[in-house]
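**Student:** Questions regarding the structure given below will be posed in turn.
The values are calculated or read from the model by the stated rules, or taken from the named source; none is laboratory data. Quick caveat: nothing in here was measured; it's all calculated off a predicted structure. Ideal geometry is used to build each Cβ from the backbone, glycine not excepted, and the neighbour counts take in all protein chains shown. Surface areas here come from the heavy atoms of the whole protein model, side chains and all, with no ligands, DNA or RNA. Shrake-Rupley method; radii C 1.70, N 1.55, O 1.52, S 1.80 Å.
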Amino acid sequence: MKDILTICRIELKRVLTLKPAFSVLFVAAIIYAVLYPQPYRTEALRHVPVAIVDLDGTDSSRDLARRIDASPDVAVGGVFPDRPSAEREVYARNLSGLLVIPKYFERDLLHGRQSPIALYADASYFLIYQRISGGVSAVAKTMGATVETARLVAADVDPRMAAAAADPMPFTAVPLFNPQGGYATYILPAAFILIMQQTLLIGVGLLGTYKNDAIGTGPAASIGPVAVVMGKLLAYLIMEVVIAPFYLIVVPYLYNIPRLGTPLSIFIFALPFVLAVSALGLVIASLFRSPLTVQLVSAALGIPFLFLAGFSWPTEAIPPFLHAIATVLPSTSAINGIVATAQLGAPLYDVRLPFLTLWILAALYTIIAILLESRSRRRLAQRA
């Protein structure tokens with residue numbers, strides 16, 4: 001135990017004195033926490049501008065345009081006399097969609113006939129397309145129900161029965177764990193875990209590749225590889241006692257992300273995650289002995305880690321062999337477990353599978369790190 005504490009003390013001192021590692025582990029963590037959430041502060045898209053081509057020019061068509069403009073999702077960016085002029089604005093990216101109200105729109109409604117409207121939305125930006133199509137569909141459905149109700153009332157149907165006939169199955173959507181239905185609440189908790197993993201991997205990798213004279217000489221030179229690896233892991237765990245609560249509790253609080261989990265359950269789940277990532281960083285440092293190589297490899301793996309994590313694209317839609325690869329990454333299980341624990345308030349028993357997976361990964365990477373440390377010791381002994 002004394003050897004482990006000695007290595008821990010040496011490694012903590014290196015974290016604070018080695019500028020590249022300190023910059024990645026602490027300075028970069030603060031910069032990411034401040035800058036990364038800024039584009040998502042508005043949570044959801046609002047008032048996406050669309051063009052309206054009103055070929056009818058009646059009170060009903062103008063009423064539809066006013067209803068669309070009054071909706072929270074869509075705004076009327078301009079009313080155009082024909083489609084070519086409106087299409088030019090869409091192609092120039094000044095507007096994100098085009099709604100065409102056909103001729104005889106009001107006449108067909110008054111005669112009880114369908115009067116379809118045509119919506120052309122920019123699907124190259126999926127969130128914009130979703131907002132436009134959802135907002136216009138909701139307005140059209142509401143106006144259609146209003147027109148049908150008025151027609152039935154005019155035919156001497158009881159108003160309550162007319163309203164029920166026009167909309168027999170009213171739909172109420174309740175967004176659980178994300179009351180605003182916002183993108184920030186969805187993406188930031190998972191992104192913070194990925195940021196923690198990347199900064200810790202790079203930091204530990206840099207510490208492992210820079211020469212450590214304190215361990216190679218003096219009393220610490222006789223310390224075995226097991227104690228060396230365990231002491232380093234203890235140092236990184238102590239360091240993450242500051243960083244992990246900052247990312248998992250403080251930052252979500254500052255950005256008003258829903259938090260239903262207890263700090264204790266979050267810390268319990270974060271423990272194997274930190275150990276697994278730290279041990280993986282030691283493995284990477286042993287395989288790639290250059291600080292520059294560690295940075296390049298970690299940076300190159302950042303995007304694959306993002307797509308394999310299962311929040312930018314559903315896990316169920318990821319091919320099985322890629323899903324198997326994702327399982328060996330600590331971030332995959334950590335995102336599934338910590339998000340469920342922190343944001344959804346799930347008990348640890350309900351996330352036991354990712355929790356156990358993280359412990360298995362922590363043990364596996366620790367064993368590999370010990371073996372690589374032993375091999376490194378033998379090579380140094382042979383050269384001596």
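**Student:** Tell me, please, whether a residue that is exposed (fewer than 15 other Cβ atoms within 10 Å of the Cβ) and either over 31 Å from the mean Cα position of the chain (by Cα) or more than 30 Å from VAL294 (Cβ to Cβ) (or both) can be found in segment 16-25.
**Tutor:** Yes, because at least one residue in segment 16-25 is exposed (fewer than 15 other Cβ atoms within 10 Å of the Cβ) and either over 31 Å from the mean Cα position of the chain (by Cα) or more than 30 Å from VAL294 (Cβ to Cβ) (or both).
**Student:** To continue, here is another question. Just the residues that are under 18 Å from ALA28 (Cβ atoms) and at pLDDT 85 or above, please, taken from segment 281-315. Spell out the reasoning first.
**Tutor:** Of all residues in segment 281-315, those under 18 Å from ALA28 (Cβ atoms) come to 281, 284-285, 291-292, 294-303, 305-306.
Passing the criteria: GLY281, ILE284, ALA285.
**Student:** Can you name the helices (runs of 4 or more DSSP H) wholly within segment 294-384 that have at least 1 residues being buried (at least 16 other Cβ atoms within 10 Å of the Cβ) and among the aromatic types (Phe, Trp, Tyr)? I'd like the intermediate steps shown before the answer.
**Tutor:** Working: elements: 320-327, 330-342, 352-383.
Once the helices (runs of 4 or more DSSP H) in segment 294-384 are filtered for at least 1 residues that are buried (at least 16 other Cβ atoms within 10 Å of the Cβ) and among the aromatic types (Phe, Trp, Tyr), what remains is 352-383.
**Student:** Among the residues of segment 330-337, is any over 26 Å from GLY208 (Cα atoms) and at pLDDT below 90?
**Tutor:** yes
**Student:** Right, next: For segment 121-138, give me each residue that is open to solvent by less than 50 Å² (accessible area, probe 1.4 Å), over 11 Å from LEU45 (Cβ atoms) and assigned to a helix (DSSP H, G or I). Break it down stepwise before answering.
**Tutor:** Filtering segment 121-138 down to residues open to solvent by less than 50 Å² (accessible area, probe 1.4 Å) leaves 121-122, 128, 132-136.
Filter once more, so that each one left must be over 11 Å from LEU45 (Cβ atoms): 121-122, 133, 136.
Those that are open to solvent by less than 50 Å² (accessible area, probe 1.4 Å), over 11 Å from LEU45 (Cβ atoms) and assigned to a helix (DSSP H, G or I): SER133, VAL136.
**Student:** What residue, among those in segment 32-56 that are within 30 Å of ARG88 (Cβ to Cβ) and surrounded by fewer than 14 Cβ atoms within 10 Å (Cβ to Cβ), is modelled with the lowest pLDDT? Working first, answer last.
**Tutor:** To start, the set of residues in segment 32-56 that are within 30 Å of ARG88 (Cβ to Cβ) comprises 39, 42, 44-56.
Narrowing the set further to residues that are surrounded by fewer than 14 Cβ atoms within 10 Å (Cβ to Cβ) leaves 39, 42, 46.
Working: PRO39: 83, THR42: 76, ARG46: 85.
Looking at residues that are within 30 Å of ARG88 (Cβ to Cβ) and surrounded by fewer than 14 Cβ atoms within 10 Å (Cβ to Cβ), I get THR42.
**Student:** From (1) part of a helix (DSSP H, G or I); (2) in contact with a strand residue (DSSP E or B) (Cβ under 9 Å, 6 or more places away or on another chain); (3) surrounded by fewer than 20 Cβ atoms within 10 Å (Cβ to Cβ), pick out the condition that doesn't hold for THR142.
**Tutor:** Every listed condition holds for THR142 apart from (2).
**Student:** For segment 162-185, which residues satisfy the criterion of being open to solvent by 50 Å² or more (accessible area, probe 1.4 Å), of a type outside the set (A, V, I, L, M, F, W, C) and part of a loop (DSSP other than H, G, I, E, B)?
**Tutor:** ASP167, PRO168, PRO170, THR172, PRO175, PRO179, GLN180 - these are the residues of segment 162-185 that are open to solvent by 50 Å² or more (accessible area, probe 1.4 Å), of a type outside the set (A, V, I, L, M, F, W, C) and part of a loop (DSSP other than H, G, I, E, B).
**Student:** Next question. For residues in segment 261-282 being of a type in the set (Val, Ile, Thr) and crowded, with 22+ Cβ neighbours inside 10 Å, which is farthest from LEU248 (Cα to Cα)? Show your work before the answer.
**Tutor:** First, the residues of segment 261-282 that are of a type in the set (Val, Ile, Thr): 262, 266, 268, 274, 277.
Okay, now just the ones that are also crowded, with 22+ Cβ neighbours inside 10 Å, so 274, 277.
Working: VAL274: 13, VAL277: 16 Å.
Restricting to residues being of a type in the set (Val, Ile, Thr) and crowded, with 22+ Cβ neighbours inside 10 Å, the top hit is VAL277.
**Student:** For residues in segment 345-379 being in contact (Cβ under 8 Å) with a residue 12 or more places away in the chain and either among the hydroxyl-bearing types (Ser, Thr, Tyr) or outside the structural domain of PRO330 (by the TED database) (or both), which is farthest from GLY261 (Cα to Cα)?
**Tutor:** The extreme case among them is SER376.
The rows are residues; the columns are (1) small (Gly, Ala, Ser); (2) within 19 Å of PRO258 (Cβ to Cβ).
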| position | (1), (2) |
| --- | --- |
| SER137 | yes, no |
| THR146 | no, no |
| ARG151 | no, no |
| PRO159 | no, no |
| THR185 | no, yes |
| ALA190 | yes, yes |
| ILE195 | no, no |
